[in-house]
1. What is the set of long-range amide H partners of Trp195 at a cut-off below 5 Å, with H atoms built 1.01 Å from backbone N?
2. Mind giving me the FRET efficiency for Lys169 and Val31? R0 is 35 Å, r the Cβ-Cβ distance, nearest 0.05 is fine.
3. Under 15 Å Cα-Cα from Lys169, which aspartates and glutamates qualify once same-chain neighbours fewer than 8 residues away are excluded?
4. With a 1.4 Å probe and every protein chain left in place, tell me how much accessible area Glu40 has, in Å² to the nearest 10.
5. Applying a 10 Å radius around every beta-carbon, put 95-102, 128-135 in order of their mean neighbour count, most first.
6. Given +1 on the Cβ of Lys and Arg, -1 on the Cβ of Asp and Glu, and no further charges, what dipole in debye does the range 34-109 carry about its Cα centre, rounded to the nearest 20?
7. Subtracting the Cα-Cα distance from 0.36 nm times the residue separation, let me have the gained length for Lys206 to Asn73 in nm, one decimal.
8. Give the cross-link partners of Lys121 among the lysines, using a straight C-alpha distance below 23 Å as the criterion and excluding same-chain residues fewer than 8 apart.
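The values are calculated or read from the model by the stated rules, or taken from the named source; none is laboratory data. Since this is a predicted model, take the numbers as computed values, not measurements. Don't worry about glycine lacking a Cβ; one is built from the backbone with ideal geometry, like all the others, and counts go over all protein chains shown. The protein model used for the area step is the full one, side chains on, heavy atoms only, and it has no ligands, DNA or RNA in it. Shrake-Rupley method; radii C 1.70, N 1.55, O 1.52, S 1.80 Å.
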Amino acid sequence: MKRNVSLILALVLAVSLMCGLAQAEDRKWPVREMTGTAVELKPGYTKTVQEQSYAGPGRGYALSGSFRPARVNKATALFREGDYVLVDLDYATAKRVVYFATRSLVSADVKEETQEGVAAKMTRTVWPVYYGPGKEYDIVTQRQKSKYLNMSCDELKKEFGPDIQRLIKSMKDSIHWVGVDKGASVTVFFQVGDWVYVEASCSIGKARFWLPADAVE
């Protein structure tokens with residue numbers, strides 16, 4: 001009798017462990033590659049016209065910079081979410097993975113995907129975070145509002161005089177790198193190499209960006 005009870009308990013424990021492992025496996029985010037469809041930003045009527053990008057598939061996300069179509073070296077659309085397309089953008093001055101509205105692209109005939117995120121926690125503080133899966137991509141920054149940013153050259157000369165170093169410092173101090181603290185909640189969508197694509201609320205607002213995969217669990 002005691003032997004039967006022991007066998008039953010052992011079976012229950014084994015089933016529980018298997019279920020737990022299965023649930024953990026189900027919660028693992030997918031792994032993918034940075035492959036997609038070649039697209040172009042719509043050319044503007046002048047060389048200075050720019051197209052706005054976003055840090056997520058909608059206007060509720062932070063802005064991620066505006067770009068001139070003529071200065072794009074290569075643009076690869078990874079997938080579409082509603083009216084927004086995630087684009088791996090090789091620009092003249094930076095590499096970024098950002099969202100553009102479909103109306104900003106010449107070819108928006110891109111496969112639509114529904115991104116289902118996995119809730120995760122930060123195991124350590126990461127600062128800064130990146131616009132793509134690797135340090136060859138641009139660093140996510142926050143530009144603080146500064147009274148000096150919109151001043152004309154004459155106004156700046158009057159304010160700082162010959163003190164060029166103080167002027168440089170004032171401009172540098174207006175830009176801050178964005179980070180995520182240990183213990184913060186994030187949503188992980190997928191992994192590319194050693195990097196994960198996540199969504200979180202941070203100093204620039206709601207945004208999607210890239211973190212080292214070993215920083216989340």
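1. Ala213
2. For R0 = 35 Å, the calculated efficiency reads 0.20.
3. Cα-Cα hits under 15 Å: Glu159.
4. So the heavy atoms of Glu40 present about 120 Å² to solvent.
5. Highest mean packing first, the order is 95-102, 128-135.
6. I would put it at about 280 debye.
7. Result for the pair: 45.1 nm of gain on full extension.
8. Answer for Lys121, where 23 Å is the Cα cut-off: Lys28, Lys135, Lys182, Lys206, listed by chain and number.
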